[in-house]
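I have placed the structure first, in the form of structure tokens, so that the comments after it can refer back to it.
All of the numbers you see were taken from the coordinates with simple rules; none came from a lab. Note that this is a predicted model, so its numbers are computed, not measured. Here the Cβ positions follow ideal geometry from the backbone for every residue, glycine too, while neighbour counts run over all protein chains shown.
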Amino acid sequence: MSQSTSTQQITLAKGLNLGLRRALEDDPKVLLMGEDIGKLGGVFRVTDGLQKDFGDARVLDTPLAESGIVGTAVGLALAGYRPVVEIQFDGFVFPAFDQIVTQVAKMRARALGAVKMAMVIRIPFGGGIGAVEHHSESPEAYFAMTAGLRVVSASNPVDAYWMIQQAIASDDPVVFFEPKRRYWDKAELDPTATPYPLYASRVVRQGTDATVVAYGPMVKTCLEAAAAAAEDGTSLEVIDLRALSPMDLGPVFESVRRTGHAVVVSEARARGFGWDAIARWTATTPAALWQLAPRKGAIAIGADADLALIDPAQTWTVRGADLHHTHRWTPFEGREVQGRVVRTLVRGTTVFADGSADTVTPGFGRFVPAQRQVLEAAPA
């Protein structure tokens, strides 16, 4: 197939730059705000040249005061503007955390929809650039679990170009996570193409043996892992979530029904967004866990085995000794079970193969996940 004459090779950072430029051209209400984003063009040069072309009234260099930057953007949004705020590094967002979760996220609902909060908060996130503390963090779970915020992450240059424009056009606030280790990755962009929906996940590599789900910086890592696995005869399907809130689970369910295995990959800590994704899947449909694992054998997701599916043809025993707060699990200790998802700790629910569920109330606090597998096959 011949290449379109309108295509150009861009980096992810350039894709964001072109997308911001397009938004500034299309809507005079779009404003950019952030530390060093004007004359310098930002630490990563994402906004390079924009202040020169659009003026310092629309591309504003701000003081080093994240709470003030976001608070000012709230006022601008209420006045009908569409501010795009840059948080220079992921770890710098926390001085603005109160503004984001109590004002930005809640304002539209508080006004019963009478006002819009059309605002984008850009955050470079993740590691991979050799930076120190406050410069290599993955805080996405904080915002993905906050009601009222939309949270997305572009994993490649083409998505960066389209998704930043779609986020700016949204009347809801969008937290836009940019994988800083991927700023220099390249791809061919056709600006005349039809963009993919902003909140839709996408299968980026077909496979048959297992489903690998990722977002942001880890999508490329998973694609590289899938290519290496293919050389060893293992076929991995890779899904880019793209949006963390709302999360499009349809392609994930469809994929895992075929492969029977799911692996969630995230750069965040083990209790980060990957586990939140698992919780959302199980909460969406309690019986889905069993339906998504038609193959035999135990499936553990994550090193802590927080979630396990077991073979209905075998009998398993809950090992209470491997659980913290085991007195809360007294009804299950040493009890032989068949065909169950024995331990999920998702809202305290134990899901059975037939789709029924028992609720285990933790009492106070939350369960601390065991560090070893909690299931063992009973002697034959």
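Report the full-extension gain for the segment residue 145 to residue 172: residue separation times 0.36 nm, less the Cα-Cα distance, to one decimal in nm.
Additional length available on full extension: 8.2 nm.
Return the sequence-ordered ³J(HN,Hα) values of the stretch 247-253 in whole Hz as given by the Karplus equation 6.51 cos²θ - 1.76 cosθ + 1.60 applied to θ = phi - 60°, using x for Gly and Pro.
My calculation for the stretch 247-253 gives 9, 8, 8, x, x, 5, 4 Hz in order.
Just want the ordering: 117, 145, 163, 247, from fewest to most Cβ atoms lying within 10 Å of their own Cβ.
Result, fewest neighbours first: 145, 247, 117, 163.
So who's got an amide H within less than 5 Å of the one on residue 263, skipping anything under 5 residues away but keeping other chains? H placed 1.01 Å off N, in plane.
Result for residue 263 returns 211, 212, 213.
Which of the lysines could be linked to residue 52 by a straight reach, that is with a Cα gap under 17 Å, when you skip same-chain ones fewer than 8 residues away?
The reachable lysines, counting only those whose Cα sits under 17 Å from residue 52, are 14, 39.
Can you sort 120, 93 so the residue with the fewest Cβ neighbours within 10 Å comes first? Kindly include the intermediate steps, with their values, before the conclusion.
Numbers: 120 27, 93 23.
Ranking 120, 93 by Cβ neighbours within 10 Å, fewest first, gives 93, 120.
Would you kindly derive the ³J(HN,Hα) couplings of the stretch 83-93 from the backbone phi angles with the Karplus curve 6.51 cos²θ - 1.76 cosθ + 1.60 (θ = phi - 60°), listing them in order in whole Hz, with x for Gly and Pro?
Values per residue, Gly and Pro as x: x, 10, 9, 9, 8, 4, 9, 3, x, 8, 6 Hz.
Return the long-range amide H neighbours of residue 82 (sequence gap of 5 or more, or a different chain), with a cut-off of under 5 Å between placed amide H atoms.
30, 31
Going by amide H atoms built from the backbone, whose H comes under 5 Å of the H on residue 125, apart from near neighbours?
Long-range HN contacts for residue 125: 178, 180.
Quick check for me: using +1 on Lys/Arg Cβ and -1 on Asp/Glu Cβ, what's the dipole size of the stretch 55-105 about its Cα centre, in debye to the nearest 20?
220 debye
Taking the Cα of residue 134, stepping 7 Å toward and past its beta carbon, and measuring to each backbone N in the stretch 63-99: which are under 14 Å?
64-67, 88-96, by backbone N distance to the label point.
Per 0.36 nm of contour for each residue apart, how much would the distance between residue 196 and residue 248 grow if the chain were fully extended, relative to their Cα-Cα spacing? Working shown, then result.
Numbers: separation 52, 0.36 × 52 = 18.72 nm, distance 1.29 nm.
Stretched fully, the residue 196-residue 248 segment lengthens by 17.4 nm.
Whole-Hz ³J(HN,Hα) for each residue in the stretch 58-74, computed from phi via Karplus 6.51 cos²θ - 1.76 cosθ + 1.60 with θ = phi - 60°, x for glycine and proline: what do you get?
With the stated coefficients, the stretch 58-74 comes to 10, 10, 9, 7, 10, x, 7, 8, 4, 4, x, 4, 5, x, 5, 5, 4 Hz.
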